[in-house]
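Structure record follows, encoded as structure tokens.
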Amino acid sequence: MKSTCISFYLADLYILVEDVMQGSFEKTVLEPDFPFRLFFNDGYANVPHHWHEDIEIIYLVEGTLRVGTNKNIWKLMQGDILIIGSGEIHYFFQEKDFSNRAVIQFRTSIYDSFLSCTKDTKVIKPMLSHSICLTKGNEIHTLMEKHIKDIIKEHSEAKEGYKLILKARLYDLAGILLRHIPKQEYSSQELSHEQERLKKIESVFQFVEANYQNSIDLDDISKAAGFSKYYFTRFFKENTGMTFLEYLNNFRVTKAQWLIMEEESSIAEIAYKSGFNSIKTFNRVFKNITGRTPMEYKRTNKS
């Protein structure tokens with residue numbers, strides 16, 4: 001069966017959440033002289049809304065995977081490659097079946113010493129600011145996959161001089177994209193607008209993290225973001241793929257899941273600690289999101 005990379009809207013997908021949701025800026029710790037890291041993930045845990053300065057390349061080694069970027073959901077099949085741009089809000093769904101993905105993160109500063117003296121500097125960074133999905137059966141995917149596999153092999157063996165080879169392969173990836181992906185230069189005004197967008201989204205995520213245990217309505221969150229209720233509603237949906245209430249409920253349920261796993265509190269105590277003002281609402285929302293009641297979830301995960 002030929003691999004396909006499918007994008008569809010979050011509204012068409014049943015959401016599964018199984019880990020602590022903290023949708024915000026992720027400050028990755030990378031070496032200043034070599035801003036790169038590689039790790040593997042089995043797909044069993046949800047990774048909530050977040051963004052970072054690094055470019056992220058997902059290479060699906062095994063299984064299937066759903067990844068959200070802004071308002072789109074990508075369904076990846078084995079061998080698919082997803083490039084997530086710097087500053088893009090993204091998140092991963094928990095999968096019922098085992099999957100294995102290689103995650104490569106690096107900063108565009110890794111190209112600075114070379115790009116500073118070429119015309120490509122004006123196009124490479126904008127090109128790496130949005131998602132690019134590559135599937136089997138086309139030339140770009142074949143070229144990219146070869147270098148990604150080389151990166152994984154060199155990183156795992158870590159022989160003498162491996163960082164030089166890793167950097168060379170990252171240059172190869174950028175060169176392939178420059179040759180084959182349509183290029184677009186961003187104006188300083190567009191870049192400023194993008195920075196302002198991320199700043200607004202971050203203020204929303206931080207407000208929720210600080211106040212999820214209290215009552216939060218559209219007036220509160222709109223004011224925190226500096227928008228009218230109407231504009232905020234549209235802005236949030238366009239940038240996250242879900243309504244604010246959906247995000248808030250998912251955030252609270254994920255906090256509740258963590259409390260169920262880590263504490264011996266009663267279901268009622270967990271409900272209130274997670275920001276729900278009634279047991280009935282907590283049970284209903286929890287089951288809608290996870291497919292199980294809080295008590296069923298507790299029995300399954302603490303048995």
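The single condition from (1) of a type outside the set (F, W, Y); (2) out of contact with any helix residue (DSSP H, G or I) (no Cβ under 9 Å at 6 or more places or on another chain); (3) over 27 Å from E196 (Cβ atoms) that H52 fails is (3).
Could we say that F276 is assigned to a loop (DSSP other than H, G, I, E, B) and buried (at least 22 other Cβ atoms within 10 Å of the Cβ) here? So F276 fits the description; yes.
Please determine whether any residue of the range 168-186 is under 30 Å from I148 (Cβ atoms), modelled with pLDDT of 90 or more, open to solvent by 10 Å² or more (accessible area, probe 1.4 Å) and among the basic types (K, R). Yes, the range 168-186 has at least one match. A271 meets the conditions (1) of a type outside the set (S, T, N, Q); (2) farther than 30 Å from G87 by Cα; (3) in contact (Cβ under 8 Å) with a residue 24 or more places away in the chain; (4) open to solvent by less than 50 Å² (accessible area, probe 1.4 Å) in every case but one. The failed one is (3). Residues in the range 61-81 that are touching a residue at least 40 places away in the same chain (Cβ under 8 Å) and within 20 Å of K153 (Cα to Cα) were compared, and the one that is nearest to the chain's Cα centre (by Cα) is I81.
Put simply, of V20, V61 the only residue that is modelled with pLDDT of 85 or more and either open to solvent by 10 Å² or more (accessible area, probe 1.4 Å) or part of a strand (DSSP E or B) (or both) is V61.
Conditions (1) farther than 16 Å from S215 by Cβ; (2) outside any loop (DSSP other than H, G, I, E, B), marked per residue:
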{"position": "L245", "(1), (2)": "no, yes"}
{"position": "L248", "(1), (2)": "no, yes"}
{"position": "T254", "(1), (2)": "yes, yes"}
{"position": "I260", "(1), (2)": "yes, yes"}
{"position": "S265", "(1), (2)": "yes, no"}
{"position": "A271", "(1), (2)": "no, yes"}
{"position": "N283", "(1), (2)": "yes, yes"}
{"position": "T300", "(1), (2)": "yes, yes"}
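Of everything in the range 234-254 that is without any contact (Cβ under 8 Å) to a residue 60 or more places away in the chain and aromatic (F, W, Y), the residue that is farthest from F92 (Cα to Cα) is F235. Can you find a residue that is closer than 21 Å to N70 by Cα and small (G, A, S) anywhere in the range 236-248? There is at least one residue in the range 236-248 that is closer than 21 Å to N70 by Cα and small (G, A, S).
Among the candidates T281, T254, single out the residue that is of a type in the set (V, I, T) and either touching a Leu at 6+ places or on another chain (Cβ under 7 Å) or surrounded by fewer than 19 Cβ atoms within 10 Å (Cβ to Cβ) (or both). When all the criteria are applied, what remains is T281.
Within the range 210-251, track down each residue that is small (G, A, S) and open to solvent by 20 Å² or more (accessible area, probe 1.4 Å).
A210, S215, A224, G226, S228
The values are calculated or read from the model by the stated rules, or taken from the named source; none is laboratory data. Only a predicted model underlies this, so the values are computations on that prediction, with no experimental measurement involved. Cβ sites come from the backbone with ideal geometry, for glycine too, and all protein chains shown count toward neighbours. For accessibility, only protein heavy atoms count, side chains too; no ligands or nucleic acids. Shrake-Rupley method; radii C 1.70, N 1.55, O 1.52, S 1.80 Å.
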